[in-house]
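One structure is given below, encoded as structure tokens.
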Amino acid sequence: MPNKFYLITYFFVLIIGCTTPNNPTGIYTVDNLTNVYDTLILNKDGTYYRSLHRRKDNSLIFAHENFWQKDGSRIVLTGYFIDNDNVYNTEIANFDDRVMKSSLPLKKTNGNYIIFYRKDNLNNFYYKKIKNFD
């Protein structure tokens, strides 16, 4: 009887392990921003796409494509624009002059990845994966 229990437990762990994504590729969004929608897409080919839209009218503020890589428990994004949930007017331009290489903490929670990118006194701001790329 104990061998049967171990066998069932082994197959259960194997199935759960195979269905949990082991790479961070996919689509991520940030839920708790006030002024912008922030979307990050990590592609399998090592490129990423990021866009910011105004919440009030869904107009595009910034869109950028560059490269990413996983480095241990961090995601390194080349050419990442750090956004602090600002209200951007239409005259702001040259976001490409404000991008930098960024290394963001990557954590797996409940079988899914989240990417932390900012913390203030009240909130943690992070990208939450909403879709896997298989």
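Roughly speaking, what is the stretch gain from Asn66 to Asp45, that is 0.36 nm per residue apart minus the C-alpha to C-alpha distance, in nm to one decimal? Mind showing how you got there, number by number?
Numbers: separation 21, 0.36 × 21 = 7.56 nm, distance 1.10 nm.
Contour length minus Cα-Cα distance gives 6.5 nm.
What is the sum of charges, Lys and Arg at +1 and Asp and Glu at -1, for the other residues whose Cβ falls under 12 Å from the Cβ of Asn110?
Cβ neighbours under 12 Å give a net charge of +4.
Using r as the Cβ-Cβ distance of Asp31 and Ser102, and R0 as 22 Å, what FRET efficiency do you calculate, to the nearest 0.05?
The formula returns an efficiency of 0.60 here.
Treat the count of other C-beta atoms within 10 Å as a stand-in for reagent exposure and order Val99, Val30 from fewest to most.
If I rank by nearby Cβ atoms, fewest first, I get Val99, Val30.
Every number in this text was worked out from the coordinates using simple rules, so none of it is lab data. A quick note: this is a predicted structure, and the numbers were derived from the prediction, not measured. In this analysis, Cβ positions are derived from the backbone assuming ideal geometry, glycine residues included, and neighbour counts consider all displayed protein chains.
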